[in-house]
Amino acid sequence: MTHYSSFLADVVYFPLNDFGPAMKGMIIGGLGIFHVFVAQFAIGGGLLMCYFQWLAMTGREPHARQFLDGFYKVLVLISFVIGAVTGVGMWFTSIQISPVTIGVMIDQFHWLWATEWTFFCLEVGAGYAFYRYAKYLNDKARLTLLIFYAFAAWMSLFWINGILAFQLTPGGWHDDNTALWQGFFNPTYFPTLFFRTVTCMVIASLAACVVINAMPGLEREDRRRLILRCAHFMVTIVLMPVFGLWFLAVIPADSRSWVMGGSAAMTMFANISIGATILIGGYAVIGLFMQRLYINGATATLLMALAFGATAGGEFVREGIRKPYTIRKELYSNSITPDQVATLREIGSVTQDPYPVRNQEQYPNEQVILGQKVYRFQCSVCHTIEGANGLMHLTGAWDVDMLRKNIAKLQQLKTFMPPFSGNAQELEALVQRIDWQNEGQPDTWPVSNDPAVLEQNKKWLDDAGTQPGWPKALAKSE
Amino acid sequence: MNLAAIFPFEYPLPTAFYLFWYVLTLVIHVVFMNYVLGGVTYLGLSSLAGRPNRNELALMLRDWMPFAIGVAITAGVAPLLFIQILYQKAFYTANLLLFHRWMIILPILIIGFYLTYLLKAKKVADWSYPVRVLLGLASFACFAFIAYSWTENYLLSMESQDQWAAFYGSSDIMYDNAAKLPRLGVWFLGAFATMGMLVGWQLWYKDQHENVKLVSILAIIGLFGSAGCAYIYKGMVDAHFPAGPYLYLGIACWGAQLGLWLVQLAKAKFSGMLLTLISVVCPLGIVGMTVVREQVRLAAIDLEPLYPLHKAAMGVAGIVCFLFFFLLNAGLILYIFRLVKKNWIGPEMEAE
């Protein structure tokens, strides 16, 4: 296959960093969740403000304009600063975590990202024009500016959603790398777009409830009326199960299996997200919309925190169910392509890695240093040594032969793991690196170079093959 | 004149194409970034004065700084996109090597951004002197640090694979290069001239001429300082420094700006004619210097292996979509100006 990206054709080595006890996924995930939450607030906020401007213009809500002014200041201070900077931060962080993945994505989608950028410009233009001049403008102009702002903000979701959804379900693009639009409007594109749109509306209306409670000079009845207006936006939450089930129906069978109990962590996070959404939805539909209850600032803040939890759980699941890929069937999480595995099994995965292992004096011999290099290249994107998802915790009770066999047959041990991509010597080096750590990092450590061991390693590697693991129960679905 | 020898035409079409977009979008970013850098520096340094700075220049800068930062960040997204296509490994490697030192620009940018909102608040003038100084200098320090970090990133991206490996092995996160400060000075000090142009228009539009001399002097100091730093920097990267039309364009525009600001200095009011002329030569000068900046990097990086990749990237669909929305959204942004002007109902609305 002719690759559109150099990162898919050749193995490219980068100076990979160590985040200490934090696994890299926590870094990108943490920032990502925060950014997504703020961005969704901004998008929903745009739509909500259009609604309130309409309410103000038509005389349906006497305090709509006052709310708009207060809410918009919050939106500008949060979205225009934190949203914008964390958006850029996502790129920088992606480079730190997986430059290959972001490189592939940029190669493929740079014009769509550039298109999204034109909407950022419109968003900033319309947003600041409203911020500075709304009080001097007539209602028609105010509404027009807000519509521009809301349109631009939602269109940024329109573009980035396709790029994110592509990673899980590249659709027809996988067979034809030039079919950009097939990759963009992929099977999970529309369910995630609609799901996220509803999420935006719910988050913004919850934030609005907090703002309404903080607004000075309003009677409780005024606040209640404004809150009930927000509830109109919030009840769209009832559509979430529809889009969620649609999403679940179109994702790959193995990914679905992780959420449906195949992976305890994935299932748990999915349930946290669903549970939090049910609580918010119950309050919004039964409490606000049907019972027309009042919601005070503390409760609104609590619901916001629940919404953040739901977002965090959902984003964790969305990222997690791609495993073992970062771009499905194209690029493994550790930035190695399926096509490269066989080659690296022959030549060694780090033979050509120009970057030395740091602090080499702390390792007892060259083999352990090589093992550290293999760990850095193949494992460190998802694992640490002793911290989060640490190899010591995962393998601490394994004997050396278990280490050898399990790592050699990694993709069969856990089908969300990519296959081991090194040769028999590198496998042994990695085993010795882990075992040395598990044994308390003694000053001296024997070199393991028994030909029989290496031969056995090779046999296990050959048995495992270079293809990804696949649960037998799902064989028919692929 | 041999067109094929002129940047970016000396490169294959796809590479030239991306270089064109990169330089174009970078120039737009630089214009707004200069407003921010020059502005926060002026506000920061003027905070050292005993009394709160309430001159027209300071008020204008404080009022518009958050917006300028927002625009500068947004404008910076596009060149950040194109640089990744153009240089790929070199850009990513520099980012990775600087690690925490690089990533810290994000929280610092957020802090600096919020500080400019704070600076804008009227009540700040009532705060005590040390607090005002701290606020002004902290805001300045945030953006100065970001500028410094970009310089470091740029210079590190031009190193060889062996030097990258050695730097990585050393675990250093501060990149030591003597060219850092003069190169930073070229852009930092040059920012005052661009800021002078933009804020000059703002003050002219408001018919505020109290600080015409101050703005002119800041621009002139910036131009001299930038030229001095450029001279030192040239000495340090002489082998890579291209003598060509863009360098001459930069020098010519520098000279023209200097002349125009000197004329402006002698006048009691901002002149629309002078500002118009400055607005022609200043962006052209930035174009010249931006291309020279890129030529220095291109001389250090072997781009040839990347030619096929640029070609492949150019073959990816989506450019028609981009151009369509680029024009549409540019049109909508222009329409916003008209919308605001046409539907202005004046201060009486505020009174209501």
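A few comments on the model shown:
- Test: residue in the range A:35-49 that is part of a helix (DSSP H, G or I), over 30 Å from A:S94 (Cα atoms) and either away from every other protein chain (no Cβ under 14 Å) or modelled with pLDDT of 95 or more (or both): yes
- Test for B:L265: is it assigned by TED's automatic domain parsing to the domain that holds B:W201, within 21 Å of B:M197 (Cα to Cα), touching a helix residue (DSSP H, G or I) at 6+ places or on another chain (Cβ under 6 Å) and surrounded by fewer than 17 Cβ atoms within 10 Å (Cβ to Cβ): yes
- Looking only at residues in the range A:72-84 that are surrounded by 24 or more Cβ atoms within 10 Å (Cβ to Cβ) and facing chain B (nearest Cβ under 7 Å), the one that is nearest to B:M103 (Cα to Cα) is A:A84.
- In the range B:85-163, counting only helices (runs of 4 or more DSSP H) that sit wholly within it, the ones holding 1 or more residues that are within 17 Å of B:I301 (Cβ to Cβ) and of a type in the set (G, A, S) span B:89-103, B:129-157.
- Among the residues making up the range B:295-347, those that are at the interface with chain A (Cβ under 7 Å from one of its Cβ atoms) and part of a loop (DSSP other than H, G, I, E, B) are B:V316, B:A317, B:G318, B:N343, B:I345, B:G346.
Conditions (1) among the aliphatic types (A, V, I, L, M); (2) on the phi < 0 side of the Ramachandran plot; (3) in contact with a helix residue (DSSP H, G or I) (Cβ under 7 Å, 6 or more places away or on another chain), marked per residue:
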residue: B:D172; (1), (2), (3): no, yes, no
residue: B:N177; (1), (2), (3): no, yes, yes
residue: B:K180; (1), (2), (3): no, yes, yes
residue: B:L189; (1), (2), (3): yes, yes, yes
residue: B:A193; (1), (2), (3): yes, yes, yes
residue: B:V199; (1), (2), (3): yes, yes, yes
residue: B:L203; (1), (2), (3): yes, yes, yes
residue: B:E210; (1), (2), (3): no, yes, yes
residue: B:A219; (1), (2), (3): yes, yes, yes
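- Among the candidates A:T311, A:T301, A:T343, A:T326, residue that is in the same structural domain as A:Q367 (by TED's automatic domain parsing) and among the β-branched types (V, I, T): A:T343
- Taking the conditions (1) surrounded by fewer than 23 Cβ atoms within 10 Å (Cβ to Cβ); (2) over 15 Å from B:L303 (Cβ atoms) in turn, B:E10 satisfies each one other than (2).
- Selected residue [more than 10 Å from chain A (Cβ to nearest Cβ), in contact with a Phe, Trp or Tyr (Cβ under 8 Å, 6 or more places away or on another chain) and within 30 Å of B:A49 (Cα to Cα)] from B:A147, B:A138: B:A147
- Looking only at the range A:95-146, and only at residues there that are facing chain B (nearest Cβ under 7 Å) and of a type in the set (D, E, K, R), the one that is surrounded by the most Cβ atoms within 10 Å (Cβ to Cβ): A:D107
- The sole residue among B:S216, B:S128 that is assigned by TED's automatic domain parsing to the domain that holds B:V287 and free of Cβ contacts under 8 Å to residues at least 24 places away in the same chain is B:S128.
- Counting the residues of the range A:7-34 that are small (G, A, S), within 13 Å of chain B (Cβ to nearest Cβ) and closer than 30 Å to A:A150 by Cα gives 1.
- Residue within the range A:14-34 that is among the aromatic types (F, W, Y) and part of a loop (DSSP other than H, G, I, E, B) present: yes
- Criterion: out of contact with any Phe, Trp or Tyr (no Cβ under 9 Å at 6 or more places or on another chain) and modelled with pLDDT of 95 or more - qualifying residue of A:L245, A:L239, A:L193: A:L245
- Complete set of residues in the range A:447-470 that are closer than 20 Å to A:T415 by Cα and hydrophobic (A, V, I, L, M, F, W, C): A:W460, A:L461, A:A464, A:W470
- In summary, A:A165 fulfils each of the numbered conditions (1) aliphatic (A, V, I, L, M); (2) within 11 Å of chain B (Cβ to nearest Cβ); (3) buried (at least 23 other Cβ atoms within 10 Å of the Cβ) with the single exception of condition (2).
Condition check ((1) within 14 Å of another protein chain (Cβ to nearest Cβ); (2) closer than 17 Å to A:L48 by Cα; (3) crowded, with 21+ Cβ neighbours inside 10 Å; (4) not β-branched (V, I, T)) across all residues:
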site	(1), (2), (3), (4)
A:L180	yes, no, yes, yes
A:T192	no, no, yes, no
A:T199	no, yes, yes, no
A:S205	no, yes, yes, yes
A:I237	no, yes, yes, no
A:P241	no, no, no, yes
A:I251	no, no, yes, no
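- In the set B:I278, B:I251, B:I286, only one residue is crowded, with 21+ Cβ neighbours inside 10 Å, closer than 30 Å to B:L13 by Cβ and either modelled with pLDDT of 95 or more or hydroxyl-bearing (S, T, Y) (or both); that residue is B:I286.
- Of the residues examined, A:P418 is one that is assigned to a loop (DSSP other than H, G, I, E, B), touching a strand residue (DSSP E or B) at 6+ places or on another chain (Cβ under 8 Å) and not assigned by TED's automatic domain parsing to the domain that holds A:S257.
The values are calculated or read from the model by the stated rules, or taken from the named source; none is laboratory data. What you see is a predicted model; the values in this text were computed from it and never measured. Note that each Cβ is placed from the backbone with ideal geometry, even for glycine, and that neighbours are counted across all protein chains shown.
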